[in-house]
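Please read the structure below before turning to the comments.
The values are calculated or read from the model by the stated rules, or taken from the named source; none is laboratory data. As the structure is a computational prediction, the values presented were derived from the model and not from experiment. All Cβ positions, glycine included, derive from the backbone under ideal geometry; neighbour counts span all protein chains shown. SASA here: full protein model, heavy atoms, side chains in, ligands and nucleic acids out. Shrake-Rupley method; radii C 1.70, N 1.55, O 1.52, S 1.80 Å.
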Number of protein chains: 2
Amino acid sequence: MLSFVNYIKLCASRRSHLLTKTTFQRYGYSTIKLTSDNYPNLKRNDNFKKITSDDLAYFQSILTPQELIIAKDKDELNLYNTDWTHKYKGQSNIVLKPKSVDKVSLIMNYCSKERIAVVPQGGNTDLVGGSVPVFDELILSLSNLNKIRSFDELTGILKCDAGAILEDVDNYLKDKGYLFPLDLGAKGSCQIGGCVATNAGGQRLLRYGSLHGNVLGLEVVLPDGTILNSMHSLRKDNTGYDLKQLFIGSEGTIGIITGVSILTPTNPKSTNVSFLAVKDFKDIETVFKRAKRDLSEILSAFEFMDMKSMQLTKKHLAETDGSMTFPLENEHPFYILIETSGSNKEHDDAKMEKFLEDVMGDETVIDGTMAQDVTEIEKIWKWREMIPESCQSEGAVYKYDVSLPLSKIYSLVESTNAKLLKEDLLYDPVKNPSGPVIGAVGYGHIGDGNLHLNVAAKEYNKIIEKCLEPFIYEAVSELQGSISAEHGVGLQKKNHLHYSKSPVEIKVMKDIKNHFDPNGVLNPYKYV
Amino acid sequence: MLSFVNYIKLCASRRSHLLTKTTFQRYGYSTIKLTSDNYPNLKRNDNFKKITSDDLAYFQSILTPQELIIAKDKDELNLYNTDWTHKYKGQSNIVLKPKSVDKVSLIMNYCSKERIAVVPQGGNTDLVGGSVPVFDELILSLSNLNKIRSFDELTGILKCDAGAILEDVDNYLKDKGYLFPLDLGAKGSCQIGGCVATNAGGQRLLRYGSLHGNVLGLEVVLPDGTILNSMHSLRKDNTGYDLKQLFIGSEGTIGIITGVSILTPTNPKSTNVSFLAVKDFKDIETVFKRAKRDLSEILSAFEFMDMKSMQLTKKHLAETDGSMTFPLENEHPFYILIETSGSNKEHDDAKMEKFLEDVMGDETVIDGTMAQDVTEIEKIWKWREMIPESCQSEGAVYKYDVSLPLSKIYSLVESTNAKLLKEDLLYDPVKNPSGPVIGAVGYGHIGDGNLHLNVAAKEYNKIIEKCLEPFIYEAVSELQGSISAEHGVGLQKKNHLHYSKSPVEIKVMKDIKNHFDPNGVLNPYKYV
């Protein structure tokens, strides 16, 4: 049986690709372009006040020196101004890191009155430019609000500050036999409040559901400084509108989450992973259906990868990690990674064996392997998790994170490749040796209908970009999908919302924004 | 193994207590008091227009005769004016039953402009007076919007009209190997839209989670007639505020739900039920913790009942159903009903046996039995499900549906009995033979922290009511619980919200109501 300790090791290994702030600093900031230069059409809103010495004096009157970063700390300011992907860089001269919710409230009350624009910031691991300023917005970091407030070992209900780091909270819970119902690559840096504010998805969604189902209560500071506290420990509460839901996924545009109450599940005692091959995408659907039937309550991940994504990963791993041999002997059009998590190893094994007999018996699955120990489990997961890095290894990658009706997921990869071919952009050693694009590859969470479409290229250039956009957004729109499954809107997709939302939906959203934040001081220029 | 067919039979048997409209008609309406007489302080809002012949002419111009019920159909009007519990009765002279969403939109647009108050009505199985008019509000019934729109057998995503009956939808899904993630006593009458509008909880919540996690999209007609359509089939979609969440549990006060898109789970193939006895409430907590550990992913119900609730049920069943012998030989302070649902009978049996050995081995559980077949499963469930009826069998029952932190659940039953004793209201054959109250009993869904506190009495009288209220609401408030776990607010609890919500929460709710429905035409006099 996979021991508890090994399971933790396994989880830790999955986080190996995390870029920490140290990595960040290593790269330096001088080469990163300012967002205002990258988006010359975006103008600073002159209704927002530029911070004066009087404002600074006020902040200094309510905060200790440890809760304040100002212009003289240039390097530190850079850290808060620049996003994780190095695509967005703001110009803020001030970061406030209040140590209490009351101070967050005082700050917002002041900023609201003075029309000072504010960007709330968690772990700053956002991928769409949502957590850094565009111009000189004040940065309000939640990092100093990082305590676990309480945990009920009977019910599994956890209450914590918004700034608590996901990994710290998860480790705390594991010691108690529970786990956080969300897992992310960025878990070593990302904060619980940020996860909730962006409605983060991640690996455990198939099993434990979304944050809309698991979050039981929030503490939120509204734009005018009012503290809206619903930090209840109740699984059922039908006394009025479920206000907290509005803030889940609102990306800091209508309130700042300062506390989270959440239901956590018990930690599984057994994990199995198998790696399967099928001959076409249709068969993935068949296997998924049978997995739902036979693995049912223990199914915890169902991931797919296409041949091209595995070829790129093989190539990249051959160059970087000689120890990784591909789990199967031959190549196949599609691969599936299935994980089960349960409370009884013997039962889980039996279910997995029966399922495998079934799908291999009638040759729906044409090849496959099952991990025999923790090391093998780790290795199989690595083949899935190294895809993003491998796609980038040729020089550049255009990344799209979309939701689509399951039966239509792969058609988007096919049509993207067809378009790249038609426009003569696809590299071919004989026919098109100067083609700048290696290919569009597809992988993702089948269980959630979430496709990661990565276009691997030798370089970033405007011709490729023009070929891909708005083509991909339009295709997603036509298939009634979402142009952002889990990454959110931020600055990047603010002007693309209409591909996934109707004019009525966008109008109602704008109304909600104006309702809660009539002066628009919270996270401006983004979202809606 | 419990066959699929038998499982359906089992489910059907659990719905035996349902009051249908036929039952309703049998009782007659003449004895039911008008809400306006019961609440003399509640005044009709004179801003609302009384429906004129011009208005009627307009409705007749857009609706067929089958979509309209007017004054001459008195009996039918009564059906829509009176609530399921016979506690609330409105005076509406018109019921509209549009057969299309566009017609709902036209009606709301007209009513909004003309300031005609509207009560949206689903299956009218509400328990808090939310689904019937208070005065002469127009009734907009969703009954004629009752189609299943689509079902994806691969993903389990169902789309249906709001007026589809829960039981019909569940039967449809069972044929496909799925089930609706919500089960209710009222399933034969209640409608999907009404369930979502009231955020219904029910028996399956422990296993499948709340509607906030399962509903993927809604179609809602806003007070001004705008159709807000988010009927997506996506499990993940982070493109803006999750607007649909606001309407889940909004009880028809800010929009009328006309369509629902929902994720449904696969139907379990095996069910086990055991009935256990423990010596005090603390031991229930211990058993719950071990059930979470050992039964983990297959645990689907964890109900508790106190001794008094079983005594009343024994007495009532002895009088009404001679075939029901109590599952255990002796009486005990507390009982637990545990249900598991899984995909493999053999595994589920083994898990249940191991769990029972553990809790009985150290005598945490002092007595117990496990159902051997479907009939026994049904019988055990009947002991739990007959409690409400049994509590009422002495003449009257005061019902409270509250959420409390798990460790504090039973203290409310104890303090209520202490108060009844102190105020000399508790019946005792020797010491207080004229005491009007049999006793306060407690039972409910431990897994959800949901206590049903029933005060069984010989009659309804003002002295008992004064003893119980606001005492119980205040106690729930002190324990930071919810005064409405699953029944909602409606008219009954509108003025009690402050026991569970802070002034800030209530203000933000009122603002939301005014934001969406500035003229207050939707479901007035209720909720917030």
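Over the heavy atoms of residue B:152, what accessible area does a 1.4 Å probe trace out, to the nearest 10 Å²? Accessible surface of residue B:152 is approximately 60 Å². Mean per-residue shielding of peptide A:399-410 is 3, counting Cβ atoms of other chains within 10 Å of each Cβ. For region A:173-261, the fraction of C-alpha pairs more than 21 angstrom apart is 31%. For region B:428-477, the Kirkwood estimate of hydrodynamic radius, built from reciprocal distances between every pair of different alpha carbons, is 12.5 Å.
Within the accessible area of region B:223-300, the carbon and sulfur atoms contribute 52%, probe 1.4 Å, all protein chains present. Among residues of chain A, the one whose beta-carbon sits closest to the A-to-B rotation axis is listed with its distance in Å as A:213, 1. Sites listed here are trypsin sites (Lys or Arg not before Pro) in region B:267-369 whose DSSP assignment is loop and whose Cβ has at most 15 other Cβ atoms within 10 Å: B:279.
Using a 1.4 angstrom probe on heavy atoms only, work out the carbon and sulfur share of the accessible area of region B:402-472 in %. Percent of accessible area from carbon and sulfur atoms in region B:402-472: 58.
P(r) tail, chain B: Cα-Cα pairs separated by more than 32 Å, 46% of all pairs.
Comparing the full protein assembly with the isolated chain, the residues of region B:492-515 losing at least 10 square angstrom of accessible surface (1.4 Å probe) are B:497, B:500, B:501, B:504, B:505, B:508, B:509, B:511, B:512, B:515.
Across region A:104-234, the volume of the C-alpha convex hull divided among the residues equals 106 Å³ per residue. Inter-chain neighbour count for B:226-233: the average number of beta-carbon atoms from partner chains within 10 Å of each residue's beta-carbon is 4. Computed on chain B, with alpha-carbon pairs under 8 angstrom and 6+ residues apart, the relative contact order is 15 percent.
Taken over the Cα atoms of region B:361-471, the convex hull encloses 149 Å³ per residue. In this assembly of identical copies, the label point of residue A:474 (Cα plus 7 Å along Cα-to-Cβ) is separated from its counterparts by 6.8 nm, sorted shortest first.
Expressed as a fraction of 2.2 N^0.38 Å, the C-alpha radius of gyration for region B:254-413 is 1.15.
The distance separating the Cα centre of region A:277-338 from that of region A:219-273 comes to 35 Å. Computed over protein heavy atoms with a 1.4 Å probe, the accessible surface of region A:347-429 works out to 44 Å² per residue.
At full extension, residue B:460 and residue B:369 could sit 29.0 nm farther apart than now, given 0.36 nm per residue minus the alpha carbon distance. Chains B and A together bury roughly 7000 Å² of accessible surface, counting both sides and using a 1.4 Å probe on protein heavy atoms.
Normalised by residue count, the protein assembly as shown yields a Cα convex hull volume of 178 Å³ per residue. Please give the FRET efficiency for residue A:498 paired with residue A:471, using the beta carbon to beta carbon distance and R0 = 22 Å, rounded to the nearest 0.05. The computed FRET efficiency comes out at 0.90.
Take the Cα of residue A:346, step 7 Å toward its Cβ, do the same at residue B:102, and the gap between the two points is 6.3 nm. Normalised radius of gyration (Cα atoms, divided by 2.2 N^0.38 Å) for region B:202-319: 1.52.
Peptides A:47-60, B:233-246, B:490-503, A:81-94 ranked from most to least packed by the mean count of surrounding Cβ atoms within 10 Å: B:233-246, A:81-94, B:490-503, A:47-60. Report the FRET efficiency, 1/(1 + (r/R0)^6), for residue B:113 and residue B:34, where r is their Cβ-Cβ distance and R0 is 22 Å, rounded to 0.05. So the FRET efficiency works out to roughly 0.15. Hey, if you drop one equal point scatterer on each alpha-carbon of region A:77-148 and run the Debye formula without solvent, what base-10 log of I(q)/I(0) do you get at q = 0.21 Å⁻¹? So the normalised log intensities are -0.87. When the pairs B:72/B:493; A:97/A:187; A:174/A:379; B:236/B:510; B:314/B:462 are compared against a 26 Å limit on Cα-Cα distance, B:72/B:493; B:236/B:510; B:314/B:462 fall above it. Placing a label point 7 Å from the Cα of residue A:168 along the Cα-to-Cβ direction, the distances to the matching points in the other copies come to 5.4 nm, shortest first.
Between the alpha-carbon centres of region B:349-400 and region B:61-137 there is a gap of 41 Å. With a 10 Å cut-off around each Cβ of A:483-489, the average count of Cβ atoms from other chains is 4. Solvent exposure of region B:57-144 amounts to 35 Å² per residue of accessible area, where only protein heavy atoms count and the probe is 1.4 Å. Radius of gyration over Kirkwood radius for region A:374-426, both on Cα atoms: the Rg/Rh ratio is 1.08.
Label points for residue A:350 are taken 7 Å from Cα along Cα→Cβ. From this copy to the others they lie 0.4 nm apart, shortest first. A Förster radius of 45 Å combined with the Cβ-Cβ distance from residue A:71 to residue A:279 puts the calculated FRET efficiency at roughly 0.15.
Report D for region B:334-382 in µm² per second (integer): Stokes-Einstein, Kirkwood Rh on Cα pairs, 4 °C, 1.567 mPa s. Diffusion coefficient, whole number: 109 µm²/s. In region A:216-281, one over the average inverse separation of all distinct C-alpha pairs is 15.0 Å, which is the Kirkwood hydrodynamic radius. Partner aspartates and glutamates whose Cα lies under 19 Å from the Cα of residue B:113, excluding those fewer than 8 positions away in the same chain, are identified as B:46, B:54, B:55, B:102, B:136, B:137, B:224, B:517. A DSSP coil position with no more than 13 other Cβ atoms inside 10 Å describes the following trypsin sites (Lys or Arg not before Pro) in region A:138-179: A:147.
Scanning chain A for GluC sites (Glu not before Pro) that sit in a DSSP loop and have at most 11 other Cβ atoms within 10 Å, the longest stretch containing none of them is A:154-328.
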